[in-house]
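Report on one structure; see the data block that follows.
The values are calculated or read from the model by the stated rules, or taken from the named source; none is laboratory data. Just so it is clear, the model here is predicted, and its values are computed rather than measured. Note that we place each Cβ from the backbone using ideal geometry, even for glycine, and neighbour counts take in every protein chain shown. Note: areas computed on protein heavy atoms with side chains; ligands, DNA, RNA excluded. Shrake-Rupley method; radii C 1.70, N 1.55, O 1.52, S 1.80 Å.
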Amino acid sequence: MRAAASLRWRLLGLTALAAVLIVSGAGVLLAGLFRDTVTRQFASTLVSQLDQVTARLEPGGAAGVQLDSKALSDPRWMRPYSGLYWQIDGPAAPGLLRARSLWDAQLQAPPDALADGEVHVHEIVGPNGAALLLVERSVRFEGSGPWRVLVAAERREMDATLRRFNTTLALALAALLGLLALAAWAQVGIGLAPLRRLQAALAALRAGQAQRIEGQYPSELQPLVQGFNQVLSQQAEGLARARTQAGNLAHALKTPLAVLQQAAEQAGPGEAALALLVTEQVRQARRQVDWHLARARAAAAQTQPGLHTPIAPAAAGLLRVLARVHAECGLQFDASGLPDLAFAGEAQDLQEMLGNLLDNACHWARMRVRLSGAQQGERLLLKVEDDGPGIPPERREQALARGGRLDESLPGSGLGLAIVAELAELYGGRLRLGEAELGGLCAELELPAHVPPHV
């Protein structure tokens, strides 16, 4: 089954896409919020350091300002490349004063217009290529300035904290996505369970194991089930009425036909020609009645679910009758090649088609008549073979044409090969004539097979 045609995979695909988008968006948002929070906290700590440096800055000295670095509390100011640095830039002299931790390096702050007392935050590259977060402010003393006070610290610990958080967040969101996938699978499975029950009910209906859809279904499906059952009830009632009317009509016609047949048989010697004409017309009328009844049954079978007729029992009954009818011929019947097959149609139609073919084979066979069958998917192939003279290829099409019956005197249902072919076509099948392995005629009948439901 293609995934695009599966309702389950459509629902799972849409749910998975929505879950991935939501979880990914939540991950990006949470990671961004945590990054901003950590960065603000780190910058706030640096601003505190900046306040401490600014408080120690005084006018005076050779450079115009001076700072007592020993008064700073953090020992990292005194350790070279410790990761915490301060620097004082003069109006025209960057790096005028520097922390001992900078050693021989210098902070390269981006050019910036600072208002007095305003704090700016920058990300720069510091000594040894280390990533730094820098805060700065501008300070003026009376008669001098402005002086640019810079404090920077390495981002290494902050970045490590962010990486640990992002890794933990990714694992947590992946686990959440997995749980959501399992929940979606369970939800879709539970949600589609009524549809699977409905599918099983329809399969049982098609297999003839039920006449209507039974059971309680969710409110969204119950109207559909009720509609199905109403259609089935109306269809069954309509078919019953039609078949009853057809049967009544057939019985109504058969009674006067029987009277005409009896009158023809009792006709006097001077009425032989009229009696023969009446007998022939009565025979044709009976054939037409039987034919149209068969058409009505076949048409009804196409719309009636679950019809199935086992082949072997029907064939066994036909062969028993034919063995008695043709007892004087001493024919050998072989029906061992019939596996467990079933025809998706009326039993009477199958008996008429097989009966005519078997009777025709008995009429022309010398010693043997064989019936075999096979199933190919949803098609049923039945072969009736004999060891008689067969039919030349150029006459086979004529034998299947209306009016091209091989023998009008055969007893039985009165259906010729042409009518068998037309009846098979009503079921979506066909009749083919060929050469049998026994040497005579092979009549291959293709019909719809009854396929048990697989749910």
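Structure values in brief
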quantity	calculated
Of all residues in the range 285-316 being more than 28 Å from Gln234 (Cβ to Cβ) and at pLDDT 75 or above, the one that is most open to solvent (accessible area, probe 1.4 Å)	Pro313
Complete set of residues in the range 263-278 that are modelled with pLDDT of 75 or more and buried (at least 16 other Cβ atoms within 10 Å of the Cβ)	Val278
Boolean, Trp147 is open to solvent by 70 Å² or more (accessible area, probe 1.4 Å), aromatic (Phe, Trp, Tyr) and more than 60 Å from the chain's Cα centre (by Cα)	no
Pairs, first farther than 17 Å from Pro194 by Cβ in the range 7-18, second modelled with pLDDT under 85, C-beta under 6 Å, six or more apart	Trp9/Ala3
Subset of the range 379-395 (residues that are under 50 Å from the mean Cα position of the chain (by Cα) and surrounded by fewer than 19 Cβ atoms within 10 Å (Cβ to Cβ))	Arg379, Leu381, Pro393, Glu394, Arg395
Options Ala174, Ala153, Ala183, Ala160: the member that is free of Cβ contacts under 8 Å to residues at least 60 places away in the same chain, among the aliphatic types (A, V, I, L, M) and open to solvent by less than 50 Å² (accessible area, probe 1.4 Å)	Ala160
Qualifying residues in the range 331-340 (those that are open to solvent by 40 Å² or more (accessible area, probe 1.4 Å) and not in a strand (DSSP E or B)) - the one modelled with the lowest pLDDT	Pro339
Positions within the range 27-44 being open to solvent by 40 Å² or more (accessible area, probe 1.4 Å) and either among the basic types (Lys, Arg) or touching a residue at least 12 places away in the same chain (Cβ under 8 Å) (or both), in sequence order	Leu30, Phe34, Arg35, Arg40, Phe42
Among the residues listed as Gln216, Gln226, Gln245, the single one being surrounded by 12 or more Cβ atoms within 10 Å (Cβ to Cβ) and of a type in the set (S, T, N, Q)	Gln226
Leading residue by the ranking (most open to solvent (accessible area, probe 1.4 Å)) among those in the range 121-134 that are outside any helix (DSSP H, G or I) and over 21 Å from Gly32 (Cα atoms)	Val125
Among residues of the range 1-53, those that are touching a Gly at 6+ places or on another chain (Cβ under 9 Å) and of a type in the set (D, E, K, R), counted	1
Candidate set from the range 186-209 (those that are within 22 Å of the chain's Cα centre (by Cα) and open to solvent by 60 Å² or more (accessible area, probe 1.4 Å)); member that is farthest from Ala18 (Cα to Cα)	Arg206
Matching residues in the range 45-101 - criterion: being in a strand (DSSP E or B), within 18 Å of Gly126 (Cα to Cα) and open to solvent by less than 30 Å² (accessible area, probe 1.4 Å)	Leu84, Tyr85, Trp86, Gln87, Ile88, Asp89
